[in-house]
Amino acid sequence: MAGPHPFRQNSTIVRFPGSPKLHVDSLVNADDTRADGSAEPAPARPLMKGQQTRAAILDAALALASHIGLEGLSIGALAEVTGMSKSGVFAHFGSREELQISVVREYHTKFEDEVFRPSMKAPRGLPRLRALFDRWVRRVSVEIDSGCIYISGAVEFDDRPGPVRDALVTMVQTWQDALDRAIRAAVDAGHLRADTDAGQLLFEIHGLILALHHDARFLRHAGAEERARAAFERLLAHAATPSQGSAPPADPF
């Protein structure tokens, strides 16, 4: 999910058997890389022709995987969609497994760019935690008609050990670690009670996203997004310090 990242000092190098090194931005203390907390990415360098072709193939692969899942993704299917030969696609990825892993990495990069980095412009504490959740919900809402690689991938690979599952787990854990730090920062800022169980709050926030995805995509329930947002505010109200005066919004249902 793979352009340059500004958070090199806290990056994680992940190695998969039989695959080249994957550079995964761990997002550790990423909000401290700039004094203003904006965490703006470095300017992208112009791509060579081969890189441009690979990037175009990867965009098509991500779109395809979003609709049919990572398991349905293959060199042949991608060649048909892009109008390229199988050998042409194979030359850029080498194997179906490497193609799947590259799609996971690309999805992670886009997720960071749309959800994480813009949220870093919000002040530390509850404002930033709210920004992270708000942008996460908005992304899920956009994915209703396509699908979330993290969620569909977990269903496909939960009991299938191997490099693709490892890549998925690493990316999801990276995002959860970022949320965990945001929760702990809200505690440190005095916005959430000192006895807040960050792990429990993270679990419940993630559960809201899964419920939103299920109700909005599978059941097609209207109002699922509003319910998710109302539930999130209730979680914060329960954990907030008295000085925050946090209270859940009026129930519209």
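Among the numbered conditions (1) at pLDDT 50 or above; (2) assigned to a loop (DSSP other than H, G, I, E, B); (3) open to solvent by 30 Å² or more (accessible area, probe 1.4 Å), the only one that Ala39 does not meet is (3). The listed residues are Leu179, Leu132, Leu168, and the only one of them that is under 12 Å from the mean Cα position of the chain (by Cα) and either of a type in the set (D, E, K, R) or within 21 Å of Ala63 (Cα to Cα) (or both) turns out to be Leu168.
Is segment 57-70 home to any residue that is part of a helix (DSSP H, G or I), of a type in the set (S, T, N, Q) and open to solvent by less than 20 Å² (accessible area, probe 1.4 Å)? No, that holds for no residue.
The numbered conditions (1) in a helix (DSSP H, G or I); (2) buried (at least 19 other Cβ atoms within 10 Å of the Cβ) are all true for Asp113 except (2).
The condition (being open to solvent by 20 Å² or more (accessible area, probe 1.4 Å), modelled with pLDDT under 95 and basic (Lys, Arg)) is satisfied by just one residue among Arg96, Arg135: Arg96. For segment 138-153, filtered to residues that are open to solvent by 30 Å² or more (accessible area, probe 1.4 Å) and among the polar types (S, T, N, Q), the residue that is nearest to Ala185 (Cα to Cα) is Ser141. Selection of first residues in segment 198-219 that are over 19 Å from Ala182 (Cβ atoms) and of a type in the set (Asp, Glu) and of second residues that are part of a helix (DSSP H, G or I) and open to solvent by 50 Å² or more (accessible area, probe 1.4 Å), restricted to Cβ pairs under 9 Å at least 6 apart or on distinct chains, gives the following pairs, ordered by first then second residue: Asp215/Arg227.
The values are calculated or read from the model by the stated rules, or taken from the named source; none is laboratory data. Owing to the predicted nature of the structure, the values given are computational and were not obtained by experimental measurement. Here the Cβ is made from the backbone with ideal geometry for all residues, glycine too, and neighbour counts use every protein chain on show. What goes into the accessible areas is simple: the full protein's heavy atoms, side chains included, and nothing from ligands, DNA or RNA. Shrake-Rupley method; radii C 1.70, N 1.55, O 1.52, S 1.80 Å.
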